[in-house]
Amino acid sequence: MVQNSPAAGFGARPLLAVTLKVASVAIFVGMSTSIKLAGLVPAGQIVFFRSLFAVVPIFIFLIYQKELSTAFRTERPVGHIARGLVGVTSMYLGFFALTRLPLPEVITLNYAQPLIVVAFSALFLGEIVRVYRWSAVVIGLIGVIIIAWPKLTLFAGEKSMESGEALGVLALLVAAVISAVAMLLVRQLVLTEKSATIVLWFSITCALAGLASLPFGWADLSALQVLLLVAAGLCGGVGQILMTESYRHGDMSIIAPFEYTSMLLGIVVGYLVFNDVPTIHMIVGGAIVVGAGIFIIWREHQLGLERGKARKVVPPQG
């Protein structure tokens, strides 16, 4: 949901929360599929369509919630613009990779982002990350290397380089790092800003950044390509609403592991739509990355329980 105020029963409907999360994952896979079906469209053009039309369902939802009039209000416009520019850079690189790599590999390599967030949180925000989570981060990144290795190794041959797959992998890994930086910025914004404000400022900043790429050359799109890119934008907006709403009805530790259903969906869609057969590197590396991510989620849950017990045991001071 795009509002911050908790309602009665907040976090008390786990089945609904999981259903909404899985639905959002499926819609985001549909968004990626639409973009890939559109073909080799310039990344800036994809960013424009994805961001502009994502605003439509968000606006409708805000009107329904009677929150549209206050959604744009902020005392931190610079923070929103900085987050938007960092995020749109990651989006550019991600869409570049999506047009050059099999869908299952794109989805699986994106799992590197939460691992990098853990590392950056310790390095730049001073959060305490102990040996268990550091070990999970290192193991997860090993899984990423296994997935990426056939595309990056010098032994892959000229065909891989000519097809742009190696560039796609590099772009996606850089996008994961930049996206982790964007998440750190979001963590700062949520301290004072409503979710609706963050989402709208981000979407509009990205749309303007995509439009700014027009002088550098946009493709002449067919009617089908336009329809696919508009559908991608609408899916992005709906997926964002469903994802945020899922965290309103259930604990993050319950919901977060269902993010990994996107790998299964990606494999199915990749095979049925694009004839992409998952490689042994993707399966093994993906399993390692997913395992590391689930361990980090479980560890966060355990630490949360421990902190809750400590607050109950230690009497208030003063």
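The values are calculated or read from the model by the stated rules, or taken from the named source; none is laboratory data. Please read all numbers here as calculations on a predicted model, not as lab measurements. Cβ: placed from backbone, ideal geometry, glycine included. Neighbour counts: every protein chain shown.
Worth pointing out:
- Selection within region 262-278 - surrounded by fewer than 15 Cβ atoms within 10 Å (Cβ to Cβ) and in contact (Cβ under 8 Å) with a residue 40 or more places away in the chain: Val273, Phe274
- Within region 65-80, the set of residues being farther than 29 Å from Leu214 by Cα and either part of a helix (DSSP H, G or I) or without any contact (Cβ under 8 Å) to a residue 12 or more places away in the chain (or both) comprises Gln65, Lys66, Leu68, Ser69, Thr70.
Okay, residues lined up against (1) at pLDDT 90 or above; (2) under 21 Å from Tyr247 (Cβ atoms); (3) of a type in the set (Gly, Ala, Ser):
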| residue | (1), (2), (3) |
| --- | --- |
| Ala23 | yes, yes, yes |
| Phe28 | yes, yes, no |
| Ile46 | yes, no, no |
| Leu62 | no, yes, no |
| Gln65 | no, yes, no |
| Leu93 | yes, no, no |
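- The residue list Val88, Val106 contains one member that is at negative phi, β-branched (Val, Ile, Thr) and touching a Leu at 6+ places or on another chain (Cβ under 6 Å), which is Val106.
- Test: residue in region 101-115 that is of a type in the set (Ser, Thr, Tyr), surrounded by 19 or more Cβ atoms within 10 Å (Cβ to Cβ) and under 17 Å from Gly236 (Cα atoms): no
- The set of residues from region 86-100 being in a helix (DSSP H, G or I) and farther than 9 Å from Ala182 by Cα comprises Val88, Thr89, Met91, Tyr92, Leu93, Gly94, Phe95, Phe96, Ala97, Leu98.
- Residue check for Thr279: of a type in the set (S, T, N, Q), in contact with a Gly (Cβ under 6 Å, 6 or more places away or on another chain) and farther than 29 Å from Leu15 by Cα: no
- Residue within region 176-192 that is crowded, with 19+ Cβ neighbours inside 10 Å and more than 20 Å from the chain's Cα centre (by Cα) present: no
- Residue identified as modelled with pLDDT of 80 or more, assigned to a helix (DSSP H, G or I) and farther than 14 Å from Leu170 by Cα among Arg133, Arg83: Arg83
- Residues satisfying the stated conditions in region 201-234, i.e. part of a helix (DSSP H, G or I), touching a residue at least 24 places away in the same chain (Cβ under 8 Å) and small (Gly, Ala, Ser): Ser203, Ala207, Ala209, Gly210, Ala231, Ala232, Gly233
- Inter-residue pairs, beta-carbon under 7 Å, first in contact (Cβ under 8 Å) with a residue 12 or more places away in the chain and in region 279-295, second of a type in the set (Asp, Glu) and part of a helix (DSSP H, G or I), 6+ apart: Met282/Glu105
- Residue match in region 215-230 (condition: hydrophobic (A, V, I, L, M, F, W, C), modelled with pLDDT under 90 and buried (at least 20 other Cβ atoms within 10 Å of the Cβ)): no
- Close pairs from region 32-43: first within 18 Å of Ile107 (Cα to Cα), partner of a type in the set (Gly, Ala, Ser) and part of a helix (DSSP H, G or I), Cβ under 6 Å, at least 6 apart: Ser34/Ala231; Ser34/Ala232; Ile35/Ala232
- The single condition among (1) out of contact with any helix residue (DSSP H, G or I) (no Cβ under 9 Å at 6 or more places or on another chain); (2) at pLDDT below 85 that Phe258 does not satisfy is (1).
Listed here are the residues, each with its yes/no results for (1) farther than 27 Å from Phe258 by Cα; (2) surrounded by fewer than 21 Cβ atoms within 10 Å (Cβ to Cβ).
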{"position": "Val25", "(1), (2)": "no, no"}
{"position": "Ser32", "(1), (2)": "no, no"}
{"position": "Leu40", "(1), (2)": "yes, yes"}
{"position": "Gln45", "(1), (2)": "yes, no"}
{"position": "Phe95", "(1), (2)": "no, no"}
